[in-house]
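Here the structure is laid out as structure tokens; the discussion comes afterwards.
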Amino acid sequence: MSEKTIFKKIIDKEIPASILYEDDFCLAFRDVMPQAPVHFLVIPKKEIASVNEIDEADAALIGRIFSVIRKLAKDEGIAESGYRVVTNCGADACQTVPHLHYHVIGGRSMAWPPG
Ligand code: 5GP
């Protein structure tokens, strides 16, 4: 059996995380290296490695993840100011954890160049 990913260890409560939301299907927790005042990750509990492995049968699960994103964006106070939802897929996108995850980043302007 392959080694558990760090996110599977968080799901299994083998390592701690600052958990914002949990149900039978999804988990949301703060990113350990936040890129903005608000930066959390929403993941399925099902072990899906990346967008490449999402199946048609996962449609309801992905919809649920976006419901959680919407709820937490409101709870975290960024629903109105705006936020970015990002999922990195594979090496060129610099995906470092092979368990599907959606970054939710907000609380500052992401205009580029800044200013
Ligand atoms: P990726 O680069 O795969 O899109 O994003 C992985 C994210 O997971 C990174 O933003 C990184 O900071 C975060 N991360 C990695 N290890 C841990 C951890 O042990 N706990 C938490 N909360 N976040 C982690």
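The values are calculated or read from the model by the stated rules, or taken from the named source; none is laboratory data. What you see is a predicted model; the values in this text were computed from it and never measured. Using ideal geometry, Cβ is built from the backbone for each residue, glycine included, and neighbour counts are taken over all protein chains shown.
For the stretch 15-31, the count of residues that are modelled with pLDDT of 95 or more, small (G, A, S) and part of a strand (DSSP E or B) is at least one. Here E47 fulfils each of the conditions (1) within 13 Å of the chain's Cα centre (by Cα); (2) part of a loop (DSSP other than H, G, I, E, B) apart from (1).
Scan the stretch 73-88 and give yes if some residue there is in contact with a helix residue (DSSP H, G or I) (Cβ under 8 Å, 6 or more places away or on another chain) and near the ligand (Cβ under 10 Å from one of its atoms), otherwise no. The answer is yes, given that some residue of the stretch 73-88 is in contact with a helix residue (DSSP H, G or I) (Cβ under 8 Å, 6 or more places away or on another chain) and near the ligand (Cβ under 10 Å from one of its atoms). W112 satisfies every condition listed in (1) loosely packed, with under 14 Cβ neighbours inside 10 Å; (2) near the ligand (Cβ under 9 Å from one of its atoms); (3) among the aromatic types (F, W, Y) except (2).
If you filter the stretch 32-44 down to residues that are part of a strand (DSSP E or B) and not hydrophobic (A, V, I, L, M, F, W, C), you find that the one that is farthest from the ligand (Cβ to nearest atom) is P44. Among residues of the stretch 1-19 that are aromatic (F, W, Y), those with a Cβ under 6 angstrom from a residue that is modelled with pLDDT of 95 or more and within 8 Å of the ligand (Cβ to nearest atom), sequence gap 6+ or separate chain, pair up as F7/V97.
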